[in-house]
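Have a look at the structure below before the remarks.
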Amino acid sequence: MAYETSSEAPVLFYDGDCPLCNRVVRFILDQERAPVLYFAAQQQPTTLGWLAQHPEYAMNEDTVYYYNGSNLYARSSAVLRLIPTLKWYWGFLYLGWLLPRWMRDKLYDFVAKRRKKFGGECLFDPRLKGRVL
């Protein structure tokens with residue numbers, strides 16, 4: 001199952017050198033409804049190739065991005081757009097949409113600044129095989 005650049009399949013772009021980001025990827029793999037999401041570390045050559053084919057988008061390594069096949073979402077909006085891919089009992093997270101975006105993004109930025117302080121290793125999860133951009 002290889003990703004086609006013309007695909008409508010959703011992609012999560014994350015900092016592959018960040019222990020917290022890698023934990024979030026493993027969390028998604030554990031809690032997703034079905035394996036529909038692709039993953040792309042921002043440092044990978046395939047991500048750079050994707051960006052070359054989508055010059056309308058620019059990425060910052062400190063930010064998580066979610067591409068739904070037509071739009072690229074950043075920061076808290078990207079995180080909240082992942083909720084439908086998770087199992088039903090994570091539905092309460094939809095309440096995050098009730099907060100104004102500036103407030104959600106402030107919280108996101110607070111965590112993002114400290115994300116590399118969360119210990120741990122950035123190991124490749126074997127469940128990602130075939131699901132990497």
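The values are calculated or read from the model by the stated rules, or taken from the named source; none is laboratory data. Remember, predicted model here, so these are calculated numbers, not experimental data. Counting neighbours? That spans all protein chains shown, and the Cβs are built from the backbone with ideal geometry, glycine included.
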Residue match in the stretch 25-45 (condition: of a type in the set (D, E) and buried (at least 18 other Cβ atoms within 10 Å of the Cβ)): no
Under 20 Å from F39 (Cα atoms), loosely packed, with under 15 Cβ neighbours inside 10 Å, under 15 Å from the mean Cα position of the chain (by Cα) and modelled with pLDDT of 90 or more - does that describe any residue in the stretch 84-93? yes
Hey, can you tell me all the residues within the stretch 42-59 that are within 13 Å of the chain's Cα centre (by Cα) and closer than 23 Å to K106 by Cα? Q42, M59
Those residues of the stretch 81-124 which are touching a strand residue (DSSP E or B) at 6+ places or on another chain (Cβ under 8 Å), part of a helix (DSSP H, G or I) and either of a type outside the set (V, I, T) or free of Cβ contacts under 8 Å to residues at least 40 places away in the same chain (or both) amount to R81, L93
Going through the stretch 46-71 one residue at a time, which ones are closer than 14 Å to L133 by Cα, touching a helix residue (DSSP H, G or I) at 6+ places or on another chain (Cβ under 8 Å) and surrounded by 17 or more Cβ atoms within 10 Å (Cβ to Cβ)? Y65, Y66
Exclusive hit being of a type in the set (K, R), modelled with pLDDT of 95 or more and more than 11 Å from the chain's Cα centre (by Cα), set R33, R101, R23: R101
Output the residues belonging to the stretch 5-23 that are hydrophobic (A, V, I, L, M, F, W, C) and crowded, with 17+ Cβ neighbours inside 10 Å. V11, L12, F13, C18, L20, C21
